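K.L.:
I'd like to ask some things about the structure below.
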Amino acid sequence: MKKQNAFHGSDLERVEATYGISKDQIINFAANVNPFGLSPFLKKELATRVDVITRYPDRDYKALRTSIGNYCHTNPDHIVVGNGSTELIAMMAQFIKPKSALILGPTYSEYEREIGLNGGNVDYYELKESDNFCLQLNDFKEALRTHYDLIVICNPNNPTSGAISTAEMDEIFTEAKKQNSFVMVDETYVEFAPDMEQITCVPLTVKHDNFICLRGVSKFYAAPGLRLGYAVTGNKDLLETIHRKQNPWSVNSFAEAAGILMYQDTDFQNATKEFMHAEQTRCYDTFAKSHKFKPYKANANFILLKILDKELTSADVFEACIKKGLMIRDCSSFPFLGDRFVRFCFMKAEDNTRLMETLLHL
């Protein structure tokens, strides 16, 4: 199901070696990172706090969890922090130890990998192309009745950019509870959504204790090197297990300082959302008028395209773009997508225009 030569957004060195193009000359439409980069406010404030690396972070991360709690409008006692959402995904697989898991797909491969490393078996619930990769709630609830220890949902989903509403999530958690299933929801991209408050499941932590919601700062806050993630859950037993078993100081003192600051930067947050919502609409509308690609509604900072030209594959489209220094994502390595889909994230408006012109002239 996987194709070896589909490059990930972090594979700039491999792309450089393969195509002889300096990585500094490549516009990376595959990494899904905010094109605004780090906020000026955060850069300025962190520059005065470099000395924090000379001391240990607070083992309980109280100030950091309070900052996140204010940002998410939730109880800081329901929050745990980690070395990026990747560590949190790994911890969930280790601590829950599911023997069976159901993953909504196509999606990010790390979920399956971590569950497999911990001895679990994985099934996929396929988001069908015929449904525009939108979840059919009643059918999914029926699938949950085949008992699974763990359900994994990325919302908005990568790579389809589709989203499930908070109301639908409420129904999913209710059905999962009946089946004694736990749900892990990855909200890495939720801040990019046009209607975030209608999608996020964080408010449901006061109603349901059979799920955990994961987020990070790599994408929206353009800080993948910081390795800072957090999780929100109302499950007291799971919180106690994490506090007991998680390695101490998994978030370094510099990331701790950054996290306390970045969630206060409403100017950066609002500017990012305004720009992204404009580009989501502009790019979708551009391809909707095309006979070469079919776009799918973007709820994240990227858009999925189906290649309509029967003479082109996703590898062909990738090659044509990379030769012009434009790196998109060949989606053939994702389950169910084959070689007819590509994905690109929204960069600066002029770069998006250049990429769209390149694609439409293939």
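Any read-out appearing in this document is the output of simple, stated calculations on the displayed coordinates, not a laboratory observation. The structure displayed is predicted, hence computed values, not measured ones. In this analysis, Cβ positions are derived from the backbone assuming ideal geometry, glycine residues included, and neighbour counts consider all displayed protein chains.
K.L.:
As an exercise, find the ratio Rg/Rh for the chain from alpha-carbon atoms, using the Kirkwood inverse-distance average for Rh.
P.N.:
Here the Rg-to-Rh quotient is 0.96.
K.L.:
Want the number for K128 to E110: 0.36 nm per residue separation, take away the alpha-carbon distance, what's left?
P.N.:
Here the answer is 4.4 nm.
K.L.:
Quick check: residue separation of K43 and R55 times 0.36 nm, minus the Cα distance between them. What number comes out in nm?
P.N.:
Contour length minus Cα-Cα distance gives 2.3 nm.
K.L.:
Still on this structure, please answer the following. Just to be sure I understand the model, the point goes 7 Å from the Cα along the line to the Cβ. What's the resulting K323 to D309 distance in nm?
P.N.:
The answer from the label model is 1.1 nm.
K.L.:
Okay, moving on. Once you order the gyration tensor axes a ≥ b ≥ c over the Cα atoms, which shape class does segment 188-253 get: rounded for a/c under 1.5, otherwise prolate or oblate by comparing a/b with b/c?
P.N.:
oblate
K.L.:
Same structure again: Evaluate the distance, in nm, between pseudo-label points positioned 7 Å from the Cα of F36 and of H291 along their respective Cα→Cβ axes.
P.N.:
It is 4.0 nm.
K.L.:
Sort D316, D60, D330 by Cβ crowding within 10 Å, fewest neighbours at the top.
P.N.:
D60, D316, D330
K.L.:
Separate question: Near K23, which lysines are there with a Cα under 16 Å away, not counting those fewer than 8 places off in the same chain?
P.N.:
Output for K23: K323, K324.
K.L.:
Excluding same-chain residues fewer than 8 positions from K178, which lysines have a Cα within less than 29 Å of its Cα?
P.N.:
K97, K99, K128, K141, K207, K236, K245
K.L.:
Additional query: Which of the trypsin sites (Lys or Arg not before Pro) across segment 329-362 are loop residues per DSSP, with 16 or fewer other Cβ within 10 Å?
P.N.:
Passing both the DSSP loop test and the Cβ count: K348.
K.L.:
Kindly state, to the nearest 0.05, the FRET efficiency for K99 paired with D170, given R0 = 22 Å and r defined as their beta-carbon distance.
P.N.:
Efficiency at R0 = 22 Å is approximately 0.25.
K.L.:
Can you pull the percent of Cα pairs in segment 1-131 with separation above 24 Å?
P.N.:
Tail fraction, whole percent: 58.
K.L.:
So, in nm, how far is label K23 from label L137 when the simple model puts each one 7 Å beyond its Cα toward the Cβ?
P.N.:
Between K23 and L137, the simple spin-label model gives 4.4 nm.
K.L.:
Given an 8 Å cut-off on Cα distances and at least 6 residues of separation, report the relative contact order of segment 278-350 as a percent.
P.N.:
28
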